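The values are calculated or read from the model by the stated rules, or taken from the named source; none is laboratory data. Computed from a predicted model, the values in this text were never measured in an experiment. Cβ coordinates were reconstructed from backbone atoms using ideal geometry, including for glycine residues, and neighbour counts include every protein chain displayed.
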Amino acid sequence: MVIVHQRITIIHTRKPVNATMNDELQWLGNSLGLFGERDKDRSAFRIFLDLLKAAKRGHPLSSDDLAETLGLTRATVVHHLNNLMESGLVVHDGKRYWLRDPRLEILLDELRRDMDRTIDDLKRAAREIDETLKF
């Protein structure tokens, strides 16, 4: 998979104590910057949950499927899917969407590799700049 543009956000927040599964998933998504404060009806979280359930079944979903199931407009669903794709969590084939990996631990490992590649690229560029500036 080639990712042309990816935005990975990590927000360090305290993990909830005695949390439900939904609380844990909400914390995970919040820690990845997926669910913004403007998302009052938690539509991004609900889309993420449906994609997670679909991944467990091995069944990708269309934006229409998600909109109908969740009672959201297709535009809202596509907006959140685009954000999830930009973060590197969701992939698509044009009509169907699914999590990059259905196992969250593996999904986070993939994101870590993406971040490591980006940091390595930045370090190479910084080294070249330092050499040019004769530091």
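Looking at region 85-99 only, could you name the residues that are among the charged types (D, E, K, R) and closer than 11 Å to Pro60 by Cα? Show your work before the answer.
First, pick out the residues of region 85-99 that are among the charged types (D, E, K, R): 86, 93, 95-96.
Across region 85-99, the qualifying residues are Asp93, Lys95, Arg96.
For Gln6, the criteria (1) surrounded by 14 or more Cβ atoms within 10 Å (Cβ to Cβ); (2) assigned by TED's automatic domain parsing to the domain that holds Arg96; (3) of a type outside the set (Val, Ile, Thr) hold in every case but one, which is (2).
Of all residues in region 25-73, exactly one satisfies the criterion of being within 20 Å of Gly88 (Cα to Cα), modelled with pLDDT under 95 and acidic (Asp, Glu), namely Asp39.
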